[in-house]
Amino acid sequence: MATSANQTYRNMTIRQIMTILYDIQFNHKNIHSFYTRSLEEVDIVKMDLNLFPLMHATPVGAIVDEQTITYSVDVLIADQVNEDIEVAELSQTRRPLIDAYSQTLLTLKDVIANFRQNIQTGSYVDARIDIQMPLSCTPFTARFSNSLTGWGTTFNITCQNTNNLCDVPQTMNDGV
């Protein structure tokens, strides 16, 4: 049975990857909350504005190879935008939707930098993992009472995978 404790140091679990993303969010001055459940389940209407911008991360797959495992994780950085201000404001000095797109992409790039430069002492990412570059980032706007606006990408995070029968918690087949 799987547990949260990882008995094989070289193997990284999805729990560890999600904890790394949480640590980045917790220590980043511009990301105020972290969610892993379905974005449709996040009640944007009831959320305090102090929880924005937010990071949302969802595992979407894993590829197990002989010596590696590659986790695919969708990561979004989103902010809440009142589009009524956008429509009413004709000034080019402040455009909330464009400002949100600009700021959330800069913040997503900060998260990417933690993974790309994980051997640096300032990174919150374990040095045992690699992120596959380049990343294709996509803007989005989801309609709720206000618009949830930001950028998303899929992180393909590669870790060592010992894939060793000796590490399997089972009674070994004695051939009889």
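The values are calculated or read from the model by the stated rules, or taken from the named source; none is laboratory data. As the structure is a prediction and not an experimental result, all values here were calculated from the model. In this analysis, Cβ positions are derived from the backbone assuming ideal geometry, glycine residues included, and neighbour counts consider all displayed protein chains.
Just a few scattered comments:
- Search result, residues across region 110-141 that are loosely packed, with under 14 Cβ neighbours inside 10 Å, over 18 Å from residue 74 (Cβ atoms) and among the hydroxyl-bearing types (Ser, Thr, Tyr): 121
- Per this entry, residue 114 is not counted among residues that are farther than 25 Å from residue 50 by Cα and either modelled with pLDDT of 90 or more or part of a strand (DSSP E or B) (or both).
- Of residues in region 22-39 being under 11 Å from the mean Cα position of the chain (by Cα) and not aromatic (Phe, Trp, Tyr), the one farthest from residue 122 (Cα to Cα): 36
Listed here are the residues, each with its yes/no results for (1) closer than 19 Å to residue 28 by Cβ; (2) modelled with pLDDT under 90; (3) under 18 Å from the mean Cα position of the chain (by Cα); (4) part of a loop (DSSP other than H, G, I, E, B).
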{"site": "90", "(1), (2), (3), (4)": "no, yes, no, yes"}
{"site": "106", "(1), (2), (3), (4)": "yes, no, yes, no"}
{"site": "109", "(1), (2), (3), (4)": "yes, no, yes, no"}
{"site": "118", "(1), (2), (3), (4)": "yes, no, yes, yes"}
{"site": "148", "(1), (2), (3), (4)": "yes, yes, yes, no"}
{"site": "172", "(1), (2), (3), (4)": "no, yes, no, yes"}
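- Considering residues of region 150-170 that are touching an Asp or Glu at 6+ places or on another chain (Cβ under 8 Å) and in a loop (DSSP other than H, G, I, E, B) only, the residue nearest to residue 51 (Cα to Cα): 161
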